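Quick note: the coordinates plus some simple rules give every number you see, no bench work behind them. On a predicted model such as this, the values are computed, not experimentally measured, just so you know. We place every Cβ from the backbone using ideal geometry, glycine too, and count neighbours over all the protein chains shown.
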Amino acid sequence: MAMSSLRAPAARDSAGVDAALLILRVVLGVMVLIHGLSKLPPPPDFVIGVLAKANLPAVLAYGVYVGEIVAPILLIVGVWSRLAAVVIAINMIAAVVLVNLPSLFKLNEYGGYALELDAMYLFTAVALALTGAGRFSVGGRYGPMN
């Protein structure tokens, strides 16, 4: 029996996967970066208030800049992408736990998941942490933490 002509060659699959990883990296990076830039200039007073309510030290508020400015830039460029994705995922978990926990199992007024954007950021970051940056990155497919 002949091989199906619908099956793409392995090289094309690899290029497609790498292009998909590029899109995921850039979109997640840009979206989180825009969110982080809105918290400038320091200190992020809202975050300090949330940390105070949770009896956590205010200095942790500066971690928001690592998770929402530094990590997204690394992700967009494609250097240390796995580490950057892990940092974004941790940042999203912290945001959900500290700010949005009451909405964790709720739907919004339109019937969608109340934390759909948070979930999309979190699980896209987890997927990128598992896959790495792909070859369309400064670090390359096999670069450091890619």
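Table for the structure above
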quantity	calculated
Protection-proxy order for peptides 20-26, 76-82, each taking the mean of Cβ atoms within 10 Å per residue, highest first	76-82, 20-26
Cα-based helix-to-principal-axis angle, 10-37 vs the chain, degrees rounded to 10	20
Size of electric dipole in the stretch 16-131: Cβ of Lys, Arg +1 and of Asp, Glu -1, about Cα centre, debye, nearest 20	180
Order by protection proxy (mean Cβ within 10 Å, highest first), peptides 56-63, 107-114	56-63, 107-114
Whole-number Å³ per residue for the convex hull built on Cα positions in the chain	149
Nearest 10 degrees, 0 to 90: helix 81-95 Cα axis against the chain principal axis	40
On Cα atoms only, tilt of 116-131 relative to the major axis of the chain in degrees	50
For residue 113, residues with placed amide H under 5 Å, excluding near neighbours	108
Sorted by Cβ density within 10 Å, fewest first, the residues 73, 88	73, 88
Part-to-part distance (alpha-carbon centres) for the stretch 94-146 and the stretch 33-74, which is given in Å	17
